[in-house]
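Working notes, structure below.
The values are calculated or read from the model by the stated rules, or taken from the named source; none is laboratory data. Only a predicted model underlies this, so the values are computations on that prediction, with no experimental measurement involved. Heads up, the Cβs are rebuilt from the backbone with ideal geometry, glycines too, and the neighbour counts pull from every protein chain shown.
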Amino acid sequence: MTEKRTPEDVSISPRDIKFSHEGAKNPHWLDNDPVGTAIMNTLSLTFPDGERMFMDSVRNYRGELSGKLLQDVKDFIHQEAIHSREHHLMNQLIDREKYPVEEIEGFVRERVAFARSGGPMRMLIGTICLEHFTAMMADMMVEHQDVFQNTDPEIEAMWRWHAMEETEHKAVAYDVFLEVSKDWSGFKRYMRRCISMLIISKTFTNNIATYAAMLLEAEGWDKKDAKKAINKYLWKTPSLFGRGWKVWLSWFKPGFHPWDHDNRALMTEWKAEFDAIAAE
């Protein structure tokens, strides 16, 4: 049976767009919502170091790749480098005297260092799992743009641009994994990626909730109330993580491929918008 791969007509286009991040100085920049802002700031704080690991995880295997996949990897690295730059700039505007930003960044670096310590394959499998999460969250943003209703237009645009490009390249690391594990048995490949997803799903969601609650506590929230509010946002309303449960569950289907969930049509308008901006 021929393995699924990314459709040939899916292209990856790094768009070197520089956004204004001044809106991030507002402590509640996401729709004047302290809870939503804490969660999105937490996600942003994970991106610079996390995306550098994503880049290295596929870069490690470039010598085993060729053709379109090799070009996709180069474009993936370029896209992630720009994402890392933009989120780094945004993160610098979070009030570091008020919020435990450096402490959270330290925790993120520890998690990334742990992933790196396991060698290239652990890095790659971690990347394919986390890329599945970013693709799920991108879907949520497309379908629930009201979350960003009263947000600075430049900040809102940056998050939409990021979501669109995460969708565009959502299967690149996965295709690399399929290529470099082609000599494994199907059972070994399936078990490695499924066990890793279970572990990473628990640690990633718990860490985001914990770090976001820390940001609320810095504003004077009671620890219990902060945790309750964060979990409600993540799992109930608007359910940033919970809404993607069907896509998350699809990972455990034998023969899964990220483009089984073909959502290119949802991204057509945004892609045209940011292609035009990048061309200016």
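Structure above, values below:
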{"item": "Count - residues of region 24-71 that are over 27 Å from Lys228 (Cα atoms), out of contact with any His (no Cβ under 7 Å at 6 or more places or on another chain) and of a type outside the set (Phe, Trp, Tyr)", "result": "19"}
{"item": "Of all residues making up region 140-191, the number that are assigned to a helix (DSSP H, G or I) and of a type in the set (Lys, Arg)", "result": "3"}
{"item": "Only listed residue being aromatic (Phe, Trp, Tyr), farther than 30 Å from Glu217 by Cα and part of a helix (DSSP H, G or I), chosen from Phe114, Phe47, Phe54, Phe107", "result": "Phe54"}
{"item": "Any hit, region 198-205, residues being part of a helix (DSSP H, G or I), closer than 30 Å to Glu8 by Cβ and in contact (Cβ under 8 Å) with a residue 40 or more places away in the chain", "result": "yes"}
{"item": "Of all residues in region 204-227 being exposed (fewer than 13 other Cβ atoms within 10 Å of the Cβ) and not small (Gly, Ala, Ser), the one that is farthest from Lys98 (Cα to Cα)", "result": "Asn206"}
{"item": "Search result, residues across region 21-43 that are outside any loop (DSSP other than H, G, I, E, B) and either crowded, with 20+ Cβ neighbours inside 10 Å or among the aliphatic types (A, V, I, L, M) (or both)", "result": "Ala24, Val35, Gly36, Thr37, Ala38, Ile39, Met40, Asn41, Thr42, Leu43"}
{"item": "Which listed residue is out of contact with any helix residue (DSSP H, G or I) (no Cβ under 7 Å at 6 or more places or on another chain) and of a type outside the set (Phe, Trp, Tyr), from Asp33, Asp49", "result": "Asp33"}
{"item": "Within region 152-203, tally of residues that are farther than 22 Å from Met136 by Cβ and within 15 Å of the chain's Cα centre (by Cα)", "result": "0"}
{"item": "Counted residues, region 249-280 - those being over 20 Å from the mean Cα position of the chain (by Cα) and of a type in the set (S, T, N, Q)", "result": "0"}
{"item": "Cross-chain or 6+ apart pairs with Cβ under 7 Å, region 17-40 first and under 12 Å from Tyr233 (Cβ atoms), then part of a loop (DSSP other than H, G, I, E, B) and among the hydrophobic types (A, V, I, L, M, F, W, C)", "result": "Gly36/Leu30; Thr37/Trp29; Thr37/Leu30; Ile39/Leu240; Met40/Leu30"}
{"item": "Answer residue from region 229-265, given it is exposed (fewer than 13 other Cβ atoms within 10 Å of the Cβ) and not in a loop (DSSP other than H, G, I, E, B) and is modelled with the lowest pLDDT among those", "result": "Ala265"}
{"item": "All positions within region 138-160 that are under 16 Å from Gln79 (Cβ atoms) and either in contact with a strand residue (DSSP E or B) (Cβ under 6 Å, 6 or more places away or on another chain) or buried (at least 21 other Cβ atoms within 10 Å of the Cβ) (or both)", "result": "Ala138, Met158, Trp159"}
{"item": "Index of the failed condition, Trp221 passing every other in (1) assigned to a helix (DSSP H, G or I); (2) over 28 Å from Arg5 (Cα atoms); (3) at pLDDT 95 or above", "result": "(1)"}
{"item": "Options Lys74, Lys98, Lys18, Lys68; residue that is over 14 Å from Ile155 (Cα atoms), among the basic types (Lys, Arg) and either assigned to a loop (DSSP other than H, G, I, E, B) or in contact with a Leu (Cβ under 6 Å, 6 or more places away or on another chain) (or both)", "result": "Lys98"}
{"item": "Selection from region 89-115 of residues that are of a type in the set (Lys, Arg) and surrounded by 15 or more Cβ atoms within 10 Å (Cβ to Cβ)", "result": "Arg111"}
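Let's see how each residue does on (1) of a type in the set (A, V, I, L, M, F, W, C); (2) under 16 Å from the mean Cα position of the chain (by Cα):
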residue	(1), (2)
Ala209	yes, yes
Ala213	yes, no
Leu216	yes, no
Lys232	no, no
Lys236	no, no
Gly242	no, yes
Val247	yes, yes
